[in-house]
Amino acid sequence: MDITLPELEQVINYWRTQRPSTGEERALSPEVNGLAKLYALMIFHRQKSIPLETLDPACLQLIEGWRKQLA
């Protein structure tokens, strides 16, 4: 199973509401930061989707958490 770039955007937005930016510098939470790195790599490599089995466990867990709240 894959996750698409638009789905990943939704995951990032979901976790941004769950773990908002903090401090004067508006630093991303660790959860959002990890997803943002994945998003940036997908954009850089022009990938429209990426297989879930290739993701690190932390990103996969965040995606699964997002999917559970949709159900």
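The values are calculated or read from the model by the stated rules, or taken from the named source; none is laboratory data. Just so we're clear, the structure is a prediction, and the values are computed from it rather than from any experiment. Cβ sites come from the backbone with ideal geometry, for glycine too, and all protein chains shown count toward neighbours.
Things worth noting here:
- Listed by first and then second residue, the pairs with beta-carbon distance under 7 Å, at least 6 apart or on different chains, first residue in the stretch 8-28 and of a type outside the set (Lys, Arg), second modelled with pLDDT of 95 or more and in a loop (DSSP other than H, G, I, E, B), form an empty list.
- Matching residues in the stretch 1-50 - criterion: being part of a helix (DSSP H, G or I), touching an Asp or Glu at 6+ places or on another chain (Cβ under 9 Å) and surrounded by fewer than 16 Cβ atoms within 10 Å (Cβ to Cβ): Gln18
- In the stretch 54-64, residue surrounded by the fewest Cβ atoms within 10 Å (Cβ to Cβ) [restricted to those that are part of a helix (DSSP H, G or I) and either in contact (Cβ under 8 Å) with a residue 24 or more places away in the chain or among the aliphatic types (A, V, I, L, M) (or both)]: Ala58
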